[in-house]
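Structure first, then comments.
The values are calculated or read from the model by the stated rules, or taken from the named source; none is laboratory data. These numbers were taken from a predicted model, which means no experiment stands behind them. Here the Cβ is made from the backbone with ideal geometry for all residues, glycine too, and neighbour counts use every protein chain on show. Calculation scope for accessible area: heavy atoms of the full protein, side chains included, ligands and nucleic acids excluded. Shrake-Rupley method; radii C 1.70, N 1.55, O 1.52, S 1.80 Å.
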Amino acid sequence: MGVDYNGTKLLLWAKKLGVSFERTLTLGHQGFECSPRRLRLALRDFGLPASAEQIERCFQRPAMGPLFADEFLRFLGAKDLISVDKSDFEGATLLHDLNEPFPESHRGQFTFVYDGGTLEHVFNYPAALRHSLELLARGGHFLTIAPGHSFMGHGFYQVSPELFFRVFGSENGFCLRKIVLYEAAKTDAAFFEVNDPAVTGHRTDLTWAPPSFLAALAQRTAETPILARPPQQSDYAACWEDHRQAARKPAAAGSGRLWRIRTALNLLWPYWLRRWKSKLVFRLRTRGGPPRLSNLVHFRRLSRAEIFRGEAEPPGQPDQPDAPK
């Protein structure tokens, strides 16, 4: 994957939100798939000044060679720029297998780490994610764009919003600043903010939707061990807690007349009726409405003004990226 127009908007949004690109590392040598005209429009919309020379420099490439996003990242403020890949087939500057930890000299050194569609191709995804997050200095940011829906065969994995909500929490030393879903096939796609399933009480169901990407921007707020304890899916964690609470309560009366009648009738229910009841209960417990982007339980369409305006800082007082060690 390269930086297309939607990826360009996400990077400019990150810039507007105060993300420092000074020491940037990209997972994979990211191509640049945005046209000069669209880049000018995006810069205008975000209110970021750029001269014609700066825009032209973003599209410089060797004769007959591929166009990479390096100059665009430098325009955003990258002074030190490293691209990581297992092979040098696309000219990565650091050869490393993301299944393995980075050398100690690289950990905690970067203000920005960008995954523009790489981690889903790494077999040991949780380890690769942890290795990438360990590269960040305190106050640094991680931006990932992952296949979220209808991408079977694209890589090893498709990603659920639940993963990012559980990983980018305070227990891992992170704050999730933005998480949005957008249609992959649209050049200028609308961004939909995703709600935390632990808050809604329902799994984020998106069965009836075109192929979509999931993007998350998170800030490292503390140098705590990352994923020292495996995250648990929120609805199961809630069920387990309910079960523990129920086990602590005195046993409910199970000898009343109504209870005896219900118990006796359960054996007489036809199979189709018991199956229908089971499906109905499952749907009521796990779904918060129609599985499409118009479902306000899970998604909220962001206005263009909300995206272009950005904000000065995330909730609370953000930490500034630490200086290189």
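Identify all residues within the stretch 159-173 that are within 30 Å of Gly77 (Cβ to Cβ) and open to solvent by less than 30 Å² (accessible area, probe 1.4 Å); write none if there are none.
Val159, Pro161, Phe164, Val167, Phe168, Gly169, Asn172, Gly173
Just give me the residues in the stretch 110-153 being open to solvent by 10 Å² or more (accessible area, probe 1.4 Å), touching a Lys or Arg at 6+ places or on another chain (Cβ under 6 Å) and not basic (Lys, Arg), in sequence order.
Scanning the stretch 110-153 gives Phe110, Glu134.
May I ask you to list the residues in the stretch 206-220 that are open to solvent by 50 Å² or more (accessible area, probe 1.4 Å) and within 16 Å of Ser132 (Cα to Cα)? Quick ask: steps written out before the conclusion?
So in the stretch 206-220, the residues open to solvent by 50 Å² or more (accessible area, probe 1.4 Å) come out as 207-208, 210-211.
Result: no residue meets the conditions.
Could you list, in sequence order, the residues of the stretch 66-78 that are in contact with a strand residue (DSSP E or B) (Cβ under 7 Å, 6 or more places away or on another chain) and modelled with pLDDT of 95 or more?
Quick first cut of the stretch 66-78, residues in contact with a strand residue (DSSP E or B) (Cβ under 7 Å, 6 or more places away or on another chain) only: 66-70, 72-74, 78.
Within the stretch 66-78, Leu67, Phe68, Ala69, Asp70, Phe72, Leu73, Arg74, Ala78 qualify.
What are the pairs, 6+ residues apart or on separate chains, where a residue within the stretch 222-240 that is hydrophobic (A, V, I, L, M, F, W, C) has its Cβ under 9 Å from a residue that is exposed (fewer than 13 other Cβ atoms within 10 Å of the Cβ) and part of a loop (DSSP other than H, G, I, E, B)?
That search, which allows pairs on different chains as well, returns Trp240/Gln232.
Report whether or not Ser234 is of a type in the set (Ser, Thr, Tyr), over 25 Å from Leu17 (Cβ atoms) and crowded, with 19+ Cβ neighbours inside 10 Å. Quick ask: steps written out before the conclusion?
On the way: of a type in the set (Ser, Thr, Tyr): yes; over 25 Å from Leu17 (Cβ atoms): yes; crowded, with 19+ Cβ neighbours inside 10 Å: yes.
Spelling it out, Ser234 is indeed of a type in the set (Ser, Thr, Tyr), over 25 Å from Leu17 (Cβ atoms) and crowded, with 19+ Cβ neighbours inside 10 Å.
Does Phe89 count as out of contact with any Lys or Arg (no Cβ under 7 Å at 6 or more places or on another chain), among the aromatic types (Phe, Trp, Tyr) and touching a residue at least 24 places away in the same chain (Cβ under 8 Å)?
Numbers: out of contact with any Lys or Arg (no Cβ under 7 Å at 6 or more places or on another chain): yes; among the aromatic types (Phe, Trp, Tyr): yes; touching a residue at least 24 places away in the same chain (Cβ under 8 Å): no.
In short, no.
Looking only at the stretch 166-180, which residues are of a type outside the set (Gly, Ala, Ser) and not in a strand (DSSP E or B)? Please lay out each step first, then the result.
Taking the stretch 166-180 first, the residues of a type outside the set (Gly, Ala, Ser) are 166-168, 171-172, 174-180.
Residues satisfying the conditions are Arg166, Val167, Phe168, Glu171, Asn172.
Taking the stretch 61-91 only, how many residues are surrounded by 12 or more Cβ atoms within 10 Å (Cβ to Cβ) and either closer than 21 Å to Trp13 by Cα or among the hydroxyl-bearing types (Ser, Thr, Tyr) (or both)?
Total satisfying the criteria: 14.
Limited to the stretch 64-107, what total is found for residues that are among the aromatic types (Phe, Trp, Tyr) and outside any loop (DSSP other than H, G, I, E, B)?
Within the stretch 64-107, the first condition is being among the aromatic types (Phe, Trp, Tyr), and the residues that meet it are 68, 72, 75, 89, 102.
Retained after the next criterion (residues that are outside any loop (DSSP other than H, G, I, E, B)): 68, 72, 75.
So the answer is 3.
Report yes if Phe156 is surrounded by fewer than 19 Cβ atoms within 10 Å (Cβ to Cβ), touching a helix residue (DSSP H, G or I) at 6+ places or on another chain (Cβ under 7 Å) and either of a type in the set (A, V, I, L, M, F, W, C) or more than 15 Å from Leu129 (Cβ to Cβ) (or both), otherwise no.
Details: surrounded by fewer than 19 Cβ atoms within 10 Å (Cβ to Cβ): yes; touching a helix residue (DSSP H, G or I) at 6+ places or on another chain (Cβ under 7 Å): yes; either of a type in the set (A, V, I, L, M, F, W, C) or more than 15 Å from Leu129 (Cβ to Cβ) (or both): yes.
In short, yes.
Please state which one of Gly310, Gly289, Gly316 is within 22 Å of the chain's Cα centre (by Cα), surrounded by 11 or more Cβ atoms within 10 Å (Cβ to Cβ) and at pLDDT below 80. Let's see the steps before the verdict.
Details: Gly289 fails: within 22 Å of the chain's Cα centre (by Cα); Gly316 fails: surrounded by 11 or more Cβ atoms within 10 Å (Cβ to Cβ).
From the options Gly310, Gly289, Gly316, the qualifying one is Gly310.
Scan the stretch 197-210 for residues that are in contact with a Pro (Cβ under 8 Å, 6 or more places away or on another chain) and not basic (Lys, Arg) and jot them down. Steps first, answer last, please.
Our first condition is that a residue be in contact with a Pro (Cβ under 8 Å, 6 or more places away or on another chain); within the stretch 197-210, this holds for 197, 203-209.
Answer for the stretch 197-210, where residues must be in contact with a Pro (Cβ under 8 Å, 6 or more places away or on another chain) and not basic (Lys, Arg): Pro197, Thr204, Asp205, Leu206, Thr207, Trp208, Ala209.
Being of a type in the set (Val, Ile, Thr), out of contact with any Lys or Arg (no Cβ under 6 Å at 6 or more places or on another chain) and not in a strand (DSSP E or B) narrows it down to one residue among Thr8, Thr24; which is it?
Values: Thr24 fails: not in a strand (DSSP E or B).
Selected residue: Thr8, the only one of Thr8, Thr24 that is of a type in the set (Val, Ile, Thr), out of contact with any Lys or Arg (no Cβ under 6 Å at 6 or more places or on another chain) and not in a strand (DSSP E or B).
Please indicate, with yes or no, whether at least one residue in the stretch 198-207 is charged (D, E, K, R), at negative phi and in a loop (DSSP other than H, G, I, E, B).
We begin by selecting, within the stretch 198-207, every residue charged (D, E, K, R); these are 203, 205.
If we keep only those that are at negative phi as well, we get 203, 205.
Still in the list and also in a loop (DSSP other than H, G, I, E, B): 203, 205.
Taking every residue of the stretch 198-207 in turn, at least one turns out to be charged (D, E, K, R), at negative phi and in a loop (DSSP other than H, G, I, E, B).
Got a number for residues in the stretch 27-53 being within 23 Å of Pro66 (Cα to Cα) and either part of a strand (DSSP E or B) or of a type in the set (Phe, Trp, Tyr) (or both)?
3
Looking at Arg248, Arg203 in this structure, which one is in contact with a helix residue (DSSP H, G or I) (Cβ under 6 Å, 6 or more places away or on another chain), open to solvent by 30 Å² or more (accessible area, probe 1.4 Å), of a type outside the set (Asp, Glu) and farther than 18 Å from Gly7 by Cβ?
Values: Arg248 fails: in contact with a helix residue (DSSP H, G or I) (Cβ under 6 Å, 6 or more places away or on another chain).
The match here is Arg203.
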